[in-house]
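The values are calculated or read from the model by the stated rules, or taken from the named source; none is laboratory data. All of these numbers come straight from a predicted model, not from anything done at the bench. No Cβ is skipped: glycine too gets one built from the backbone with ideal geometry, and neighbour counts run over all protein chains shown. Ligands, DNA and RNA are stripped out before the accessible areas are found, and what is left, the full protein with its side chains, is counted by its heavy atoms. Shrake-Rupley method; radii C 1.70, N 1.55, O 1.52, S 1.80 Å.
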Amino acid sequence: MALIYIVEDDRSILEIEEFALKNSGYHVEGFQEAKSFHEALKKKLPDLVLLDIMLPDEDGLTILGKIRAAEETKKLPVIMLTAKTTEIDKVKGLDMGADDYMTKPFGVMELISRVKALLRRTLPQEAEISLAFGEIEMDERRHQVTVGGVLCELTYKEYELLKLFLSNTGIVITRDKILDKIWGTDFIGESRTIDMHVKNLRKKLGEEGSLIKTVRNVGYVMNAE
């Protein structure tokens, strides 16, 4: 189910929105100021953001501008929530990249309806593609890997290597197959390249890196034994 971040400084309103969305089956995280929201974005991207304009440390329009300016969040769906009612405020928010705009006070049913409608437009209709083993989770849709819930930054080759291992847990993958799948049949170079990338991948995965086992003179296998 979709993950929704709510940025709202009014605790009572935040709790109502969290309760309503959780009862509708969504995963929800709430933030009462911009700083903690920005920190959460660095760790994990949500599927949608409900963003209030009036916040204590940074106004919502400034936050929206940062979201749209960053490559990793520029397409993140955002619904602006505000007590402001003038048309110019709504136009400004939409012009800056908000996907929808709701003026307080609004009904819970309307909020749920708007959220569902926006997610239908932005989320792929097919089932989400995700792979997991141990504390490692790979979200193919976001092209993200987390270890114990913490974002793990990988290079393209490291990501593809991990994807191959996660897709074949318990199965020994030969070095030739790894070269073919990750580097291509026309790769000209030493197979030691694989060892180097696996070593770096293990290091970035921390303790979970030990799940990638070396099968001497054959290749690698991912298992917990």
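Summarising the label geometry, the points placed 7 Å from Cα in the beta-carbon direction at GLU15 and ASP59 lie 2.9 nm from one another.
Subtracting the Cα-Cα distance of THR103 and ARG216 from their residue separation scaled by 0.36 nm leaves 34.3 nm.
Excluding same-chain neighbours fewer than eight residues apart, the lysines reachable from LYS199 by a Cα-Cα span under 21 Å are LYS157, LYS163, LYS177, LYS181, LYS213. Simple spin-label estimate for ARG142 and ASN200 gives 2.4 nm between the two label positions (7 Å along the Cα-to-Cβ direction from each Cα).
Ligands, DNA and RNA left out, the accessible area of the range 1-158 computed with a 1.4 Å probe is 54% carbon and sulfur. For the chain, relative contact order (Cα pairs under 8 Å, six or more residues apart, normalised by length) works out to 13 percent. Extension gain, ILE112 to VAL150: 0.36 nm times the residue separation minus the Cα-Cα distance gives 10.8 nm. Considering only the Cα atoms of the chain, their convex hull presents on average a projected area of 14.7 nm².
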